[in-house]
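Structure, as structure tokens:
The values are calculated or read from the model by the stated rules, or taken from the named source; none is laboratory data. These numbers come from a predicted model, not from an experiment. Here Cβ is always computed from backbone atoms with ideal geometry, including for glycine, and neighbour counts include all displayed protein chains. What goes into the accessible areas is simple: the full protein's heavy atoms, side chains included, and nothing from ligands, DNA or RNA. Shrake-Rupley method; radii C 1.70, N 1.55, O 1.52, S 1.80 Å.
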Amino acid sequence: MTPLMHPKLINNPFGDPCVLVDFLHEKRAVLFDLGDIAAISSRTLLRVTHVFVSHTHMDHFIGFDRLLRVLLGREKHIHITGPAGFIEHVEHKLYAYSWNLAGSGTADLSIDAHELAEEDTLMSARFRFNTGFQRKDLPSRSVKDGIIFDEANYRVRTVQLDHHIPCLAYSVEEKQHFNVWRNKVSAMGLGVGPWLRELKEAIIRGDPDETIITARWCDNGIPREASYPLHELRQEILRVISGQKITYVTDVGYTPPNVKKIISLAQNSDLFFIESAFLEEDADIAKRKMHLTARQAGDIARRANARRLVQFHFSPRYEGRAVELHEEAMSAFTKEQSTVNRPLPWRDAESL
Ligand SMILES: [Zn+2]
């Protein structure tokens with residue numbers, strides 16, 4: 001399958017947290033956390049439509065200013081989401097500057113800030129450049145099953161976790177993925193072209209079966225076309241498989257409620273970005289600071305049945321010891337099934 005979502009950790013694991021997910025064939029990207037984002041080009045930042053912030057400790061939110069600087073003067077509308085109190089944090093960031101030059105007639109940047117006020121309510125406010133970023137509250141909406149964004153082919157879920165303060169983890173899922181049988185396209189006497197993407201979009205939109213799709217392609221430089229009902233093309237040349245899933249978890253304590261929620265959110269992720277701030281030998285510090293050890297991260301990823309684990313947010317105390325953090329997580333991640341049910345280091349582990 002050709003993946004549609006292309007995620008990448010922006011800084012090395014000792015750097016500020018930030019994951020960029022670029023979408024193939026779409027002029028869009030999303031960001032998880034806004035630490036130091038100097039390494040992301042302005043061109044890429046201009047594609048960002050959604051930002052998902054775990055919490056507003058400085059190393060997760062200091063990149064807001066750079067994002068704002070790049071987007072300013074553009075006709076753009078972006079969404080930025082965070083935990084309870086987040087709208088006020090965005091408001092204060094924006095009010096740190098003077099906006100007397102803002103006014104109608106210039107390109108309008110619109111920022112919709114959302115916060116998970118309670119675990120089942122998403123509150124929202126809009127800040128528009130043309131109003132000097134005056135806050136305008138938008139209607140709040142209820143959140144079911146943690147789904148905060150639900151588009152035709154993607155959904156984003158969140159869970160609220162405990163980091164001494166509320167901290168959000170996120171997963172982004174492609175609802176369905178279409179593989180094209182190229183040999184069957186040829187067998188029908190058709191050629192490949194942008195019409196295949198239009199066909200997929202029509203299916204995702206839920207267009208009626210009888211909708212006529214016109215295939216256009218070039219045969220030795222000669223333009224050709226043929227028309228078929230949507231249902232016939234879907235049946236003949238497409239195979240529907242489950243889509244990609246990417247999960248992002250950081251700054252959480254290894255407590256039974258946190259672990260239970262993370263495992264549920266991250267279940268069957270193709271790629272699981274999970275913090276590994278400490279080594280197990282410093283588990284007491286991790287516990288005090290509400291962070292994970294590498295072993296705990298690997299353990300959670302295995303129990304969530306993730307396909308691949310990517311560690312980040314290493315404590316600077318381990319500079320030069322990244323291999324140890326990696327090996328510790330991987331040995332917990334790849335443990336044999338027989339050890340899955342071993343006792344966990346807390347008393348009410350049975351509740352998980
Ligand atoms: Zn933090």
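The dipole here belongs to region 177-242: it is taken about the Cα centre, uses +1 on the Cβ of Lys and Arg and -1 on the Cβ of Asp and Glu, and is about 300 debye. Under 5 Å between amide hydrogens, built in the peptide plane, is the criterion, and for H50 it picks out A29, L31, H79 among residues at least 5 positions away or on other chains. Under 5 Å from the amide H of Y154 lie the amide H atoms of K175, each residue being 5 or more positions distant or on a separate chain, with H modelled from the backbone and absent for Pro and chain starts. Taking GluC sites (Glu not before Pro) as exposed when DSSP calls them loop and at most 16 other C-beta atoms lie within 10 angstrom, the chain has its longest site-free stretch at 211-318.
For region 110-119, 3J(HN,Hα) computed residue by residue from phi via the Karplus equation (6.51, -1.76, 1.60; θ = phi - 60°) reads 10, 10, 9, 9, 10, 9, 7, 5, 10, 5 Hz, glycine and proline entered as x. Among the chymotrypsin sites (Phe, Trp or Tyr not before Pro) found in region 144-189, those both in a DSSP coil and sparsely packed, with 14 or fewer other Cβ atoms within 10 Å of their Cβ, are W181. Per atom type, the chain shows carbon and sulfur on 50% of its accessible surface, probed at 1.4 Å. Mean-square fluctuations from a GNM of the chain, with a 10 angstrom spring cutoff on Cα atoms, peak among I78, I213, I285 at I213. Comparing region 177-242 with the 2.2 N^0.38 Å rule of thumb, its C-alpha radius of gyration ratio is 1.06 (two decimals).
Region 203-234 and region 281-313 have their alpha-carbon centroids 48 Å apart. Solvent-accessible surface of the chain, averaged per residue with a 1.4 angstrom probe and all protein chains in place: 48 square angstrom. Applying 1/(1 + (r/R0)^6) with r as the Cβ-Cβ distance of N179 and S264 and R0 = 35 angstrom yields a FRET efficiency of 0.80.
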